[in-house]
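Structure first, then comments.
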Amino acid sequence: MENLSVHEIWKQNEMLLEHTRKLNVTLLREVKLDKAKSSLKGVLFLPVSTMAFFIIAASYAMYFTVENWGTWYFMFSGAVVAFFSVMLVLSSIRQLTQILSVDYNAPVLQLQKDISKIKVSVVYNFKIAAWLLPFGPFIGLFFFKALFNFDMMELVNYNMIISFGVVTIVLEVLSLLLLRALQTKNINKKWLNWLLLGSGSQINEALGFLNQIDEFEKENGTIS
Amino acid sequence: MKNRNTEIIDLIEEHRRLIYKVANSYCSDIHEQEDLIQEIIFQIIKGYEKFDHKVKVTTWMYKIAFNVSISHYRKTKIREKYMIPMPEKLVRIDDPEEDETDENLKRLRRFIEELDPLNKAILIMYLDGNSHLEISAAMGISLSNVSTKINRIKQQLKKKFKQ
């Protein structure tokens, strides 16, 4: 089939489209911005709410640390909660910046990659949660003190200290395994999809598309 | 001297076929096409302030149209997983013009429909007579990659038309 006839067929298509479509000049001149703005609002909700929540959490954790100055385990647990809250705030700010800087002027592959990466960035928040795991017992101390004004260490005995240590080691191992598993290439594992339930299909789609873009960019061989 | 708003509106009117073609290639539902075209126009108007004229205005418009359309296409693909589509026979009003459409045109449209979103973009720009350089600038891939893909698509197209 000649190139020329494909172009002729394409021109037929163009004429048909022209015939069946009308460009609404009124629409153009009024430029309805509502639809575009509302689609952006939906995407912003998660990072904005995450940021707001963890700013409050970080502030309280710092106040908690100062208030319990002198009690080493409360100071440490407050500092841990404050540190990870700040990390989540920074992660949300990074996501927000990425979303707000989406620019449809960019070359197609670059922009579609950036949009896919925004969707996948929720995995980074899970990585932060994985780093937090080994500090689980201290987080428990923090919550009992913050919510019930109860110092769990008053109940401590030898068995509790051993359990504390064992739990910390187990959580440490789990954390390392999770961090290894939370590579984007591993994201199709069933248990990880379960973990990402709710955002899973979007992430899988985004990752699928990222892989497609990678393949698309790599194709540069000669035609056989 | 024309103001910038009038300038961009005139440009959009002049190149409206480009917008229709891209929207039509990524979205078959007529109501969604209206939304998609509106979104493309919005992004073109919004982006015109930053347009530096380093590429042709049509190349720039293709970039935006493809970016919006591919993003839209990906969103609707996810939505379709959870929606039960209306049976076509209940809602479709037969367009008499469709019966008269050339068989080759139908085949070409089907072929374009079956392509993945990125190769679709390349084919549309190629069929519109854009140079490999312009396609490379719009897509953000190398010139040699563009040539490779176009040749591959042409071979697939030849096979399709021989069937």
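Tabulated data for the structure shown
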read-out	value
Test set (1) open to solvent by 40 Å² or more (accessible area, probe 1.4 Å); (2) more than 9 Å from chain A (Cβ to nearest Cβ) - B:Tyr26 fails condition number	(1)
Pick from the stretch A:94-144, criterion within 11 Å of the chain's Cα centre (by Cα) and under 30 Å from A:Asn68 (Cβ atoms), ranking: surrounded by the fewest Cβ atoms within 10 Å (Cβ to Cβ)	A:Ile128
Residue among B:Ser131, B:Ser147 that alone is closer than 19 Å to B:Lys21 by Cβ and either surrounded by fewer than 21 Cβ atoms within 10 Å (Cβ to Cβ) or at the interface with chain A (Cβ under 7 Å from one of its Cβ atoms) (or both)	B:Ser131
Tally of residues being farther than 16 Å from A:Ala206 by Cβ and assigned to a loop (DSSP other than H, G, I, E, B) across the stretch A:99-116	6
Residue that is under 24 Å from B:Ile44 (Cβ atoms) and out of contact with any helix residue (DSSP H, G or I) (no Cβ under 7 Å at 6 or more places or on another chain), where the choices are A:Leu90, A:Leu109, A:Leu100	A:Leu100
Selection count where residues are open to solvent by less than 20 Å² (accessible area, probe 1.4 Å) and more than 8 Å from chain A (Cβ to nearest Cβ), scope the stretch B:1-18	2
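The values are calculated or read from the model by the stated rules, or taken from the named source; none is laboratory data. Remember, predicted model here, so these are calculated numbers, not experimental data. Please note: Cβ atoms are built from the backbone with ideal geometry, for glycine as well, and neighbour counts cover all protein chains shown. The area values use the complete protein model at the heavy-atom level, side chains included, leaving out ligands, DNA and RNA. Shrake-Rupley method; radii C 1.70, N 1.55, O 1.52, S 1.80 Å.
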